[in-house]
1. Is there a residue in the range 62-71 that is in contact with a Lys or Arg (Cβ under 9 Å, 6 or more places away or on another chain), over 19 Å from GLY129 (Cβ atoms) and either among the aliphatic types (A, V, I, L, M) or outside the structural domain of MET336 (by TED's automatic domain parsing) (or both)?
2. Out of the residues in the range 208-245 that are among the aliphatic types (A, V, I, L, M) and in contact with a Pro (Cβ under 8 Å, 6 or more places away or on another chain), state the one that is nearest to TRP166 (Cα to Cα).
3. In a strand (DSSP E or B) and in contact (Cβ under 8 Å) with a residue 24 or more places away in the chain, is that true of VAL39?
4. Select from the range 35-83 the residues that are polar (S, T, N, Q) and farther than 19 Å from LEU362 by Cα and list them in ascending order.
5. Read through the list (1) among the hydroxyl-bearing types (Ser, Thr, Tyr); (2) modelled with pLDDT of 95 or more; (3) surrounded by fewer than 21 Cβ atoms within 10 Å (Cβ to Cβ), then give the number of the only condition that TYR223 fails.
6. Could you please find all residues in the range 85-126 being among the β-branched types (Val, Ile, Thr) and either surrounded by fewer than 17 Cβ atoms within 10 Å (Cβ to Cβ) or part of a helix (DSSP H, G or I) (or both)?
7. Tell me, which residue of the range 250-285 that is in contact with a Cys (Cβ under 8 Å, 6 or more places away or on another chain) and among the hydrophobic types (A, V, I, L, M, F, W, C) is nearest to MET315 (Cα to Cα)?
8. For the list (1) in a strand (DSSP E or B); (2) surrounded by fewer than 21 Cβ atoms within 10 Å (Cβ to Cβ), I need the number of the one condition that VAL22 fails.
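The values are calculated or read from the model by the stated rules, or taken from the named source; none is laboratory data. Everything numeric here is computed off the predicted structure, so don't read it as measured data. Cβ placement follows ideal geometry from the backbone for every residue including glycine, while neighbour counts extend to all protein chains displayed.
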Amino acid sequence: MLKQILNGRILTPEGWLENGSVIVEGNKIKNVINSSLPVEGAEHIDAKGCVVVPGGIEMHVHGGGGRDFMEGTEEAFREAIKAHMEYGTTSIFPTLSSSTMPMIEKAVETCEKLMNEPDSPVLGLHLEGPYFNPKQAGAQIPEWIKSPVKEEYEPLLKKAKCLKRWDEAPELPGSIEFIKCCCEHGVLPSIAHTRATYSDVHAANEAGMTHATHFYNAMPVVYKNREFKEAGTVESIFAEENMTVEMIADGIHVPPVMLRMIYQIKGVERTALVTDSLACAATHGDAAFDPRVIVEDGVCKLADRSALAGSVATMDRLIRTCVQQAGIPLEDACRMASETPAKIMGVYDRKGSLEAGKDADLMMFDKDLQLTYVMQMGRVVTDKL
């Protein structure tokens, strides 16, 4: 049956379409038209003046709804994914922090099962570690951090078809070989938990590391070497024009003025929004999955308050923060939550914009940017209209 979303302000690749309609057939967008006249025979969904934008694509998230993807179980995956979908995420790349190989293999098995289900929101697995600089461990479990081990990563890259992204610190020995191996298997290598110099970043970028994980977090800025200034990892990534970045847009991990600065320098096309949320996101309490972590001031912290550990943000909060606190135009905030991650992760052929033939993934916001509606693959997830 056809569904017609009408009386909304629709974000299309060409810009805003006033009082148009999105026609959905099954799990696909059949058309986006410049008319709000009811289509005969369709189920009519009145947007009531809300903005209608592409569904959020979450490319870095550790859990939600009280469950963590590191559990590796089907139940944990489903509950965490369901929790985030209610807040606007329609596609997701579950993320594991630094883990042991048995933990990774268990998560791979679960992820591949869910990916193969009809209309699945799961697009692939993201590994954040364990090949990191121990001096930038943050909330990673330090005992599991190490330099790349070819005998570990090469067999995994060959057999884990669900693996789409792997984060690593490019200053480590064996890094360039790791980066090239990721690229050979269609896996996006991303810089993270690092103290990389400009020469490290440039060499990694040349080898195929084109993305930066939770930009500005767990990486140094400009510093002094005796009487001279040295570019930190942050400035080095800014200098590599082709590199894309993701920012945790909760207004805490990256303050609003810095969110706007990243947007101004890197632009919409090279900036993605991520939650980097932990299990305590999308819940109604402050309980943390990890006993090393506390929830305080709207963010997850290490219990000794020495560092931020992850966010409790959801997709809708990212967009509100960018618009209301960082002064980023709504259309650009929405594109950074959908179009840009779709392009970075290679799924823009079917995700990331409201166009005929693409998957019917969308969300709606009212004039106060409160989420009112979520549709994933033509199925209604949230309806507060």
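1. no
2. MET209
3. No: the conditions fail for VAL39.
4. THR73, the sole residue that qualifies.
5. (2)
6. THR100, ILE104, VAL108, THR110
7. The selected residue is LEU273.
8. Result: VAL22 fails condition (2) only.
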